[in-house]
1. Could you say which residue among Phe81, Phe57 is outside the structural domain of Val152 (by TED's automatic domain parsing), surrounded by 15 or more Cβ atoms within 10 Å (Cβ to Cβ) and at pLDDT below 95?
2. Step by step: first the residues of segment 129-147, then only those that are of a type outside the set (A, V, I, L, M) and assigned to a strand (DSSP E or B), then the one that is surrounded by the most Cβ atoms within 10 Å (Cβ to Cβ). Which residue is that?
3. Considering segment 116-128 alone, what residues qualify as being out of contact with any helix residue (DSSP H, G or I) (no Cβ under 7 Å at 6 or more places or on another chain) and surrounded by fewer than 19 Cβ atoms within 10 Å (Cβ to Cβ)?
4. Across segment 159-180, what is the number of residues that are modelled with pLDDT of 95 or more, surrounded by fewer than 15 Cβ atoms within 10 Å (Cβ to Cβ) and part of a loop (DSSP other than H, G, I, E, B)?
5. Could you count how many residues in segment 97-118 are hydrophobic (A, V, I, L, M, F, W, C) and part of a strand (DSSP E or B)?
6. Return the pairs, sorted by first residue and then second, in which the second residue is outside any strand (DSSP E or B), the first residue lies in segment 124-147 and is of a type in the set (Gly, Ala, Ser), the beta carbons are less than 9 Å apart, and the residues are 6+ apart or on different chains.
7. Ala126 passes all but one of (1) in a strand (DSSP E or B); (2) over 13 Å from the mean Cα position of the chain (by Cα); (3) not charged (D, E, K, R); which number fails?
Amino acid sequence: MLEMERGAWIRRSAWALALTGLLAAAGPPASAQAVATSGGANPPPLRKGTGLPVPRFAVVRAEETNVRTGPGSRYPIDWVFKRKGMPVEIVGEYENWRKIRDWQGAGGWVHQSLLSGKRYVIVTTANTPLRKTPTASAAEIARMEVEVVAQVKSCSGDWCRVQAGGHIGWIERRHVWGVYKGEVVN
């Protein structure tokens with residue numbers, strides 16, 4: 001009788017392990033996936049998330065940031081951000097993990113401690129003028145190349161005031177990624 005009980009326990013344990021393996025292979029929990037993909041008026045509730053709006057922009061705060069395939073340290077590292085200050089868009093939340101994507105569309109999961117709410121943008125158009133005032137006829141302060149990262153000071157209308165290197169000036173919103181169309185940043 002003892003052998004039978006032990007055998008039953010082993011079978012149940014093997015089944016539980018197989019189920020755990022299936023759940024891990026299935027990817028992030030459904031609630032995290034739903035948050036990342038929902039765009040409707042009634043998105044599912046966040047599970048212990050921040051309560052902040054999703055999507056939103058943030059910035060990578062570490063020199064190297066592991067981007068994982070799922071929301072947890074048990075998930076494998078898919079790739080590594082190697083640039084501090086890079087803007088990312090948070091498109092989902094699950095507990096202390098944020099699903100992010102970069103300006104080129106690459107994405108994955110990072111721990112919230114590796115992100116900051118500071119606002120940066122990345123220049124997406126070659127030879128973009130940085131201007132003294134927010135008008136197309138204003139004097140040029142500098143020319144910015146693709147992948148230049150700049151800190152956002154403010155945004156209003158079609159223009160953002162940014163700082164890149166030693167230069168502070170205005171750049172047209174259409175030439176950067178990291179702020180939403182019409183978003184006001186103070």
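The values are calculated or read from the model by the stated rules, or taken from the named source; none is laboratory data. Note that this is a predicted model, so its numbers are computed, not measured. Cβ atoms come from the backbone with ideal geometry, glycine included; neighbour counts cover every protein chain shown.
1. Sole residue among the options that is outside the structural domain of Val152 (by TED's automatic domain parsing), surrounded by 15 or more Cβ atoms within 10 Å (Cβ to Cβ) and at pLDDT below 95: Phe81.
2. This residue is Arg131.
3. Passing the criteria: Ser116, Gly117, Lys118, Ala126, Asn127.
4. Matching residues across segment 159-180 total 1.
5. Of the residues in segment 97-118, the ones hydrophobic (A, V, I, L, M, F, W, C) are 97, 100, 103, 106, 109-110, 114-115.
Next cut, part of a strand (DSSP E or B) only: 97, 100, 109-110, 115.
Matching residues across segment 97-118 total 5.
6. Ala126/Glu145; Ala126/Val146; Ala138/Lys132; Ala139/Lys132; Ala139/Thr133; Ala142/Gly165
7. All conditions are met except number (1).
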